[in-house]
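Structure first, commentary second.
Where a number appears in this text, it was derived from the coordinates with a stated rule and is not lab data. Values in this document were obtained by computation on a predicted structure and should not be read as measured data. Glycine also receives a Cβ, built like all others from the backbone with ideal geometry; neighbour counts cover every protein chain displayed.
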Amino acid sequence: MPKRYIITGAPGTGKTSLIQALQANGYQCFSEISRKIILEQQQIKSNKTPWGNLPCFANLVYQQTIKELQLPIEKNTFVDRGLLDIIAYLKAKSHPIPEYLLDFPFKTHYASTVFLMPLWEEIYINDPQRPQSFPEAQCIHKHLIEVYQNFNFTIVVLPKTTLTKRVDFIRSVI
């Protein structure tokens with residue numbers, strides 16, 4: 001049965017580039033829902049962003065992710081962030097975690113192995129949808145690890161190397 005593998009990590013760690021490399025190698029991939037929502041919210045001048053109204057933003061991400069998870073997959077697929085990332089972001093800002101997230105059947109939808117992009121200051125960049133500082137990224141990174149471990153996912157840290165070698169590494173794991 002095909003699985004959805006989560007590619008997670010703090011902002012600016014190369015998730016989107018890796019997703020693009022996986023797509024170029026024939027894998028089905030889903031791009032980051034958070035970024036799409038941030039762009040939409042910025043266009044309408046809304047504060048429903050990770051640095052604005054995080055709880056409302058988290059709810060928007062949840063709703064869109066549920067729609068995506070209902071799409072059938074025919075082979076192993078990669079997703080740029082999973083629903084557990086929302087919990088990590090909420091924890092990083094000391095927000096309460098909604099019951100709908102705490103009770104969600106994560107392992108029904110995602111493979112139990114998660115690929116974590118390591119913090120890598122040399123490649124870290126900001127953009128209008130990713131304004132977090134490197135120290136903020138470090139905080140998010142810490143919470144991502146904690147949340148995935150608390151929900152009993154196996155975290156595989158990707159090596160700091162080229163995209164080609166990262167794709168090969170993932171192939172060797174799955």
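Among the listed pairs 48/160; 93/160; 3/165; 75/165, a Cα-Cα separation exceeding 26 Å is found for 48/160; 93/160. Apply the a/c threshold of 1.5 to the C-alpha gyration tensor of the stretch 104-174 and tell me whether it is rounded, prolate or oblate. Oblate, since a/c reaches 1.5 and b/c is not below a/b. Annotation: peptides 135-144, 100-109, ranked by per-residue average of other Cβ atoms within 10 Å with the highest first, follow the order 135-144, 100-109. The GluC sites (Glu not before Pro) found in the stretch 1-105 that occupy coil by DSSP, while having at most 12 further C-beta atoms within 10 Å, are 74. In the set [x] 28, 20, 16; [y] 23, 19, 16; [z] 30, 19, 15, which value of semi-axes √(5λ) of the Cα gyration tensor in Å was calculated from the structure you see? Given [x] 28, 20, 16; [y] 23, 19, 16; [z] 30, 19, 15, the structure-derived one carries the label [y]. Work out the FRET efficiency for residue 156 and residue 94 from their Cβ-Cβ distance, taking R0 = 22 Å, and round it to the nearest 0.05. Once rounded, the FRET efficiency stands at 0.20. Reducing the stretch 155-174 and the stretch 61-132 to their Cα centroids gives an inter-centroid distance of 19 Å. Secondary structure note: in the chain, about 5% of the DSSP beta bridges are antiparallel. Partner aspartates and glutamates whose Cα lies under 17 Å from the Cα of residue 107, excluding those fewer than 8 positions away in the same chain, are identified as 68, 80, 85, 99, 146. Largest mean-square fluctuation among 93, 45, 160, in a Gaussian network model of the chain whose springs join Cα atoms under 10 Å apart, belongs to 45. For the stretch 13-42, the set of trypsin sites (Lys or Arg not before Pro) satisfying both a DSSP loop assignment and a count of at most 14 other C-beta atoms within 10 Å is empty. Comparing 155, 33, 73 in a Gaussian network model of the chain where C-alpha atoms under 10 Å apart are linked, the largest mean-square fluctuation is found at 73. The listed peptides 165-174, 55-64, ordered by packing as a protection proxy, come out as 55-64, 165-174 (highest mean of other Cβ atoms within 10 Å first). Each Lys and Arg Cβ is given +1 and each Asp and Glu Cβ -1; about its Cα centre, the stretch 4-173 then shows a dipole of about 120 debye.
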